[in-house]
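Asker: Handing you a structure now.
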Amino acid sequence: MTIAKLISYCIAVAMAIVIYWAQTQVSLFDSPIPQLPWGVVSLVDLYAGFTLFGLWIAYKETVLKTFFWIIGLIVLGNFTTALYVIYSINKANGDMKVFFLGDNI
């Protein structure tokens, strides 16, 4: 679990930096990505992943917590994924069943 936490911290820091950098280059709303065929593929892939990850969150968390985590996914992408993994690891105290299933054990 320590390696997963370290990797998640690295991803969270990298995503925070790249989100900030990208926003200083071009506004999110002025991005040319949706106009490119592979940009569309990337966005569909990204949101399919958010949907699957959101289902895992919904299984583990209360409705209110799920709502806020999913808003985070939509707005901040995999930065939120990394934060949620860190949150889940800390909450699980090393128990893999709790990490994956939450209180639904």
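Only the coordinates and a few stated rules stand behind these numbers; no lab work does. Remember, predicted model here, so these are calculated numbers, not experimental data. Backbone-built Cβ (ideal geometry, glycine too); neighbour counts: all protein chains shown.
Asker: Only helical DSSP H runs with n ≥ 4 go in: add -39500 (n - 2.57) per run for the chain, normalise by residue count and round the 222 nm mean residue ellipticity to 500 deg cm²/dmol.
Answerer: Details: 5 runs with 83 residues, N = 105.
Per the formula, -26500 deg cm²/dmol.
Asker: When the chain is fully extended, how far beyond the present Cα-Cα distance does Leu46 get from Trp21, taking 0.36 nm per residue of separation? Spell out each step's value before the answer.
Answerer: Working: separation 25, 0.36 × 25 = 9.00 nm, distance 1.94 nm.
So the chain would gain 7.1 nm between Leu46 and Trp21.
Asker: Could I ask something else about it? Return the label of the correct value of Cα extents along the principal axes in Å, as calculated from the structure shown, out of (1) 41, 22, 21; (2) 45, 25, 23; (3) 35, 32, 23.
Answerer: (2)
Asker: Return one number: the angle in degrees, 0 to 90 and rounded to the nearest 10, between the long axis of the Cα atoms of helix 37-60 and the longest principal axis of the Cα atoms of the chain.
Answerer: 20
Asker: Between Tyr9 and Gln35, what length comes free when the chain is fully extended (0.36 nm per residue of separation minus the Cα-Cα distance, one decimal in nm)? List each step's numbers first, then the result.
Answerer: Numbers: separation 26, 0.36 × 26 = 9.36 nm, distance 3.23 nm.
My answer for the length gained is 6.1 nm.
Asker: If one takes the longest principal axis of the Cα atoms in the chain, at what angle in degrees, from 0 to 90 and to the nearest 10, does the Cα axis of helix 78-92 lie?
Answerer: Tilt of helix 78-92: around 10 degrees.
Asker: Say we join alpha carbon atoms closer than 10 Å with springs in a Gaussian network model of the chain; which of Leu55, Leu46, Leu36 then has the biggest fluctuation?
Answerer: Looking only at Leu55, Leu46, Leu36, the biggest GNM fluctuation is shown by Leu36.
Asker: Quick one: dipole size for the chain, taken about the Cα centre, charges +1 on Lys/Arg Cβ and -1 on Asp/Glu Cβ, in debye to the nearest 20. Each step should come with its number before you reach the end.
Answerer: Working: 5 positive and 5 negative charges, 51 e Å.
Its charge dipole is roughly 240 debye.
Asker: Taking the alpha-carbon centroid of each part, what is the distance from the range 64-105 to the range 7-33 in angstrom?
Answerer: 21
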